[in-house]
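Undergrad: Shown below is the structure under consideration.
The values are calculated or read from the model by the stated rules, or taken from the named source; none is laboratory data. All of these numbers come straight from a predicted model, not from anything done at the bench. Here the Cβ is made from the backbone with ideal geometry for all residues, glycine too, and neighbour counts use every protein chain on show.
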Amino acid sequence: QVQLVESGGGLVQPGGSLRLSCIVSGSPLWLAALGWYRQTPGNQREFVAGFTTGGTPDYADSVKGRHTISRDSAKNTFDLQMNSLKAEDTGVYYCNARFYNGPLKGNTYWGRGTQVTVSS
């Protein structure tokens, strides 16, 4: 019943910006820790940004000062604003929800991913 869907990916030039969005259906997102991850061919899926169970934002060192994670409980969505994009930011971005409370406690869900390409 729970489903995550990402949107907002695309092709952008270095220095440009994108805003990724993840909509969570089937459960209130306040029951979960939320995050964004990036994966490139042949590499592990890496943490980019997220909210802890306490609601504190956290970021990978490579994106600190450039990206901002936010959430909208009324819409049951969370976003990643990506600024000053670099070629190294290229990859498939996945949103994630790990439920720490409620009937879905212990379950983790992923979106299908959205492609971000930073190139001139």
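Undergrad: Answer yes if at least one residue in region 90-113 is within 20 Å of S7 (Cβ to Cβ), in contact with a strand residue (DSSP E or B) (Cβ under 7 Å, 6 or more places away or on another chain) and without any contact (Cβ under 8 Å) to a residue 12 or more places away in the chain, and no otherwise.
TA: Within region 90-113 (the criterion being within 20 Å of S7 (Cβ to Cβ), in contact with a strand residue (DSSP E or B) (Cβ under 7 Å, 6 or more places away or on another chain) and without any contact (Cβ under 8 Å) to a residue 12 or more places away in the chain), the answer is no, since none of the residues qualifies.
Undergrad: Inside region 97-120, can you point out the residues that are small (G, A, S) and either over 11 Å from L31 (Cβ atoms) or within 14 Å of the chain's Cα centre (by Cα) (or both)?
TA: Selection gives A97, G106, G111, G113, S119, S120.
Undergrad: Now a separate question. Take residues that are modelled with pLDDT of 95 or more, of a type in the set (A, V, I, L, M, F, W, C) and buried (at least 19 other Cβ atoms within 10 Å of the Cβ) and tell me which of the strands (runs of 3 or more DSSP E) falling wholly in region 17-120 contain 1 or more.
TA: Result: 18-25, 32-39, 46-51, 67-72, 77-82, 91-99, 114-118.
Undergrad: List the residue pairs whose Cβ atoms are under 7 Å apart, where the first residue sits in region 68-82 and is under 14 Å from A97 (Cα atoms), the second is assigned to a loop (DSSP other than H, G, I, E, B), and the two are 6 or more positions apart or on different chains.
TA: Note: pairs meeting the criteria are N76/P28.
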